[in-house]
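The values are calculated or read from the model by the stated rules, or taken from the named source; none is laboratory data. Owing to the predicted nature of the structure, the values given are computational and were not obtained by experimental measurement. Because the Cβ atoms are built from the backbone with ideal geometry, glycine has one as well, and the counts that use them run over all protein chains shown. Quick note on the areas: whole protein, heavy atoms, side chains included, nothing else; ligands and nucleic acids left out. Shrake-Rupley method; radii C 1.70, N 1.55, O 1.52, S 1.80 Å.
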Amino acid sequence: MNAAPPAAPAWRRALALPEAATAIFGLALAVGVCWPLLGDRPVFLLDWVIGPRPPLPSPAMLGLDGGLTAGVVGDLVVAVLVRVIGDAVSWLALFAVFPIAAVGIGRLAGGSRWSRLGAAALYCINPWVFNRVYAGDIALLLGYALLPFAVSGALKATAPGVGSSSALRRRPVLDQVITPALWWAVLTAFSPHYAWIYGVVLVSLLLVTRRRRWWLAGWLVACAVCFAAMSTYILLPHSVTELRTKVGITSLDLYRTTPDPHLGLLPNVAALYGFWRLAPGPVLPKDVITGWPLLMLALLVVIVSGFWAVLGHRRVVTLNDAASPRGTAAAEAAPPGGVDAPRGPAEPANPDPPAPDGSAERRRLAWLLVVVGAAGFFLALGSQGPTGALFRWAYDNVPFFDVMREPQKFLMLLVLAYAVGLGWGVGRLSRIQVPGRRTAWAAAALGLALPLAYSPTIFDGLAGQLGPSTIPSAYQQANELMGRGAGQVLYLPWHLYEVQPFTQGRVVASIAAGVFQRSVISADNVQVGEVETQSDSPRQAYVTRLLAKGDAIGDFGASVAPLGTEYVVLAKTSNWHAYTWLEHQPDLRSVLDTRSLEVWRNLAYRGPGERLGTTRLVRELSPVAFQVPPGPPGLVEIDAAYQPGWELDGVSGKPSPEGTVEFRVDGAGGMAQFRPWGMVKLGYVISAVVFAAMLSFLIWRKRTHCFLS
């Protein structure tokens, strides 16, 4: 009796898995893009500014940003990781995007290793990703990396046979609902835009399915209900408060998708460009590549070839069919690399069998991607193009659709379709056999070289446009000097975005909130084009009017004391000389002056609030609760930025002239509270309970199924 051959080592079996090659390839891409950023220094991007002390809890977590709690899960995770890992979190999050995206899109494309690698190359390396990296949309990119997994989950949940009586006996309908709903909630936790982006995928599934339409319609409604239950923490706060940002036609015009100066809008979007912010920076791949439209055309030829192989032909034609009637079958059954490719001693006979091009599952995926890609293309045009009127109507009338004020985010759906189509095209080419010659290398050249040649400047930190930063030691000095306390820090210059001396000339958002332990008052004015600000905050408007007076101010400390300002910090950035009048304010005392910043203590600061006309001060219990002392009837002012929802013993707060919260009270004291915080907490509890219950049920079902089978 022959003894069984010894088992291969675990590492070799792991390398034989179909995902191994794409995972390694994704890691290589991550290193190629991020290697200048690696180290223990932070990386600051336009909207990705993580200081060493991100606030925990942040105002958004408490509902103090107008009830906008969509990104609080990511904020919480980042704040915790910074305290555990340190500044490396700022580049590790970006690094993780590439291997996750490569494995996900490879699994979705399926087929041979060449097919998976081709899909991974285009999905990870393209102009859309380039722009999002530069803009610092890291949370959006992490959701983008997970999107292929979410699409696979939706496909499996609605696979042919699901919904039939026999399938229902084997697998309850609840299983089919939970997986897509969980993915929907997870993606939306990364970025609220996925509420619509993944929603397009689910609706498209309904459109491309010819049978069981009523069952799928009910399935989609059930998914939406479960998703809404898990998103209660986002939806519920909006019922009791309001945003402090104007979201209207101005926003839609400001963030509109841009055309190419020579080719126009539609070709630019089809080429995966169109990001709204054209300046300052970055230098785009098409700005340095001569003949880039020809490269895009070559990519499209391979992509169309891949879809044609799936939708147009059920049989793959090879060049040696005439010489060998079994050529097609041999090519389809061949291992990656061709019919004659040698196999290692521990490699399975066919570790990565390609699915037949005309298989029902692949055709269904292909039709889904055709619809999803077309939807992503037209939605990315926003209020422009042939569907512009419909987009504008939805923006004005559909609840929460105004979150898509930057429509180019929808373009990731077209990237998804392109990447899978390219993978299929590469897989088809890799199976073409010339007598006596293997052509897998040609497939590699097309599948890997074309995407890399189309966006080559994404490597080396976007061709040197990104790099790590070192926060000047003066910021740490200022933080230690100010310490902790209820008094807030007014951070100047009064810009949301500015060029810092330590960001290699890049414009980034204000870093103050993540650097100082104290609560920070900083600007939220976008200052893009003709739009100065989109803020509705009366406190922001008050500071803006105050600073506009400049040299005419003689009591700046007293003017900002009602805001709770105990310290004023001026960062010596681009236009800091415009604030030299601060040196002449009698109620400000300079306590730190360095090459990087200057700090003044506000001598007029008394506390986080007071009963006006008395010496009785308000005591801060938490950012959402203040203890008001008894005193004569009159006005009480607390330093919280005004928004609806503040109450003191049943009396609603009003905006003070400084934009803080003001109450008219009798002689009794009491507790001033931000009532929406109760709804925010309730939303967290409901979402967490529903999410945990669904996840636990899904895990239990999978374990039970594995045990029974």
Requested in this report: State whether the residues of segment 206-217 include one that is among the hydroxyl-bearing types (Ser, Thr, Tyr) and under 30 Å from Asp536 (Cα atoms).
Outcome: no
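Inside segment 554-612, can you point out the residues that are in a helix (DSSP H, G or I) and polar (S, T, N, Q)?
Scanning segment 554-612 gives Ser559, Thr580.
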Report summary line: Scanning segment 274-313 residue by residue, those touching a residue at least 24 places away in the same chain (Cβ under 8 Å) and not in a helix (DSSP H, G or I) turn out to be Gly274, Phe275, Trp276, Arg277, Pro280, Gly281, Pro282, Val283, Leu284, Ile289, His313
Report task. Check off (1) basic (Lys, Arg); (2) under 14 Å from Tyr491 (Cβ atoms); (3) out of contact with any strand residue (DSSP E or B) (no Cβ under 8 Å at 6 or more places or on another chain) for Lys572 and give me the number that stays unchecked. Result -> (3)
Report task. State which residue pairs qualify: first residue over 22 Å from Val304 (Cβ atoms) and inside segment 373-395, second residue open to solvent by 50 Å² or more (accessible area, probe 1.4 Å) and at pLDDT 95 or above in any location, beta carbons under 6 Å apart, and separation of 6 or more residues or different chains. Result -> Thr387/Phe378
Requested in this report: Count, please, the residues in segment 541-569 that happen to be closer than 28 Å to Ile638 by Cβ, open to solvent by 60 Å² or more (accessible area, probe 1.4 Å) and not aliphatic (A, V, I, L, M).
Outcome: 4
Query raised in the report: Which of the residues spanning segment 372-384 are more than 26 Å from Leu117 (Cβ to Cβ), touching a Leu at 6+ places or on another chain (Cβ under 7 Å) and open to solvent by 10 Å² or more (accessible area, probe 1.4 Å)?
Result: Ala375, Ser383, Gln384
Requested in this report: Output yes when any residue across segment 596-612 is surrounded by fewer than 16 Cβ atoms within 10 Å (Cβ to Cβ), closer than 30 Å to Arg545 by Cα and modelled with pLDDT under 90, and no when none is.
Outcome: yes
Query raised in the report: Among the residues of segment 613-625 satisfying the criterion of being open to solvent by 20 Å² or more (accessible area, probe 1.4 Å) and closer than 26 Å to Gly66 by Cα, which is nearest to the chain's Cα centre (by Cα)?
Result: Pro623
Report task. Mind listing whichever residues of segment 258-284 are in contact with a strand residue (DSSP E or B) (Cβ under 8 Å, 6 or more places away or on another chain) and polar (S, T, N, Q)? Result -> Asn268
Requested in this report: Tell me which residues, restricted to segment 570-593, are open to solvent by 30 Å² or more (accessible area, probe 1.4 Å) and either under 20 Å from Ser559 (Cα atoms) or in contact (Cβ under 8 Å) with a residue 12 or more places away in the chain (or both).
Outcome: Lys572, Ser574, Asn575, Trp576, Ala578, Thr580, Glu583, His584, Pro586, Arg589, Ser590, Val591
Query raised in the report: Name the pairs whose Cβ atoms lie under 6 Å apart, with the first residue in segment 614-628 and polar (S, T, N, Q), the second surrounded by fewer than 19 Cβ atoms within 10 Å (Cβ to Cβ), and 6 or more positions between them or separate chains?
Result: Gln627/Arg619; Gln627/Leu621
Report summary line: Taking segment 385-405 and keeping residues in a loop (DSSP other than H, G, I, E, B) and buried (at least 21 other Cβ atoms within 10 Å of the Cβ) leaves Arg405
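Criterion first (at pLDDT 95 or above, surrounded by fewer than 24 Cβ atoms within 10 Å (Cβ to Cβ) and touching a helix residue (DSSP H, G or I) at 6+ places or on another chain (Cβ under 7 Å)) does Leu411 satisfy it?
Considered against the rule, which asks whether it is at pLDDT 95 or above, surrounded by fewer than 24 Cβ atoms within 10 Å (Cβ to Cβ) and touching a helix residue (DSSP H, G or I) at 6+ places or on another chain (Cβ under 7 Å), Leu411 comes out as no.
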Query - When residues of segment 471-518 are limited to those that are of a type in the set (Gly, Ala, Ser) and farther than 15 Å from Asn602 by Cα, the one most open to solvent (accessible area, probe 1.4 Å) - result: Ser473
Report task. Consider only pairs whose beta carbons are under 8 Å apart and that are at least six residues apart or on different chains; among these, list those whose first residue lies in segment 443-458 and is under 15 Å from Leu294 (Cβ atoms) and at pLDDT 95 or above and whose second residue is buried (at least 17 other Cβ atoms within 10 Å of the Cβ) and among the polar types (S, T, N, Q). Result -> Tyr454/Asn126; Ser455/Asn126
Report summary line: How many residues of segment 198-215 are open to solvent by less than 30 Å² (accessible area, probe 1.4 Å) and either within 22 Å of Leu695 (Cα to Cα) or not aliphatic (A, V, I, L, M) (or both)? The answer is 6
Requested in this report: Might you let me know whether segment 94-111 holds any residue that is of a type in the set (Phe, Trp, Tyr), closer than 25 Å to Glu361 by Cα and not in a loop (DSSP other than H, G, I, E, B)?
Outcome: no
Query raised in the report: Would you pick out the residues in segment 202-216 that are outside any helix (DSSP H, G or I) and out of contact with any Leu (no Cβ under 8 Å at 6 or more places or on another chain)?
Result: Arg210, Arg211, Arg212
Query raised in the report: Would you call Gly136 open to solvent by less than 40 Å² (accessible area, probe 1.4 Å), at positive phi and touching a Phe, Trp or Tyr at 6+ places or on another chain (Cβ under 8 Å)?
Result: yes
Query raised in the report: When you scan segment 626-709 for strands (runs of 3 or more DSSP E) that lie fully inside it, which ones turn up with 3 or more residues that are among the hydrophobic types (A, V, I, L, M, F, W, C) and open to solvent by 60 Å² or more (accessible area, probe 1.4 Å)?
Result: none
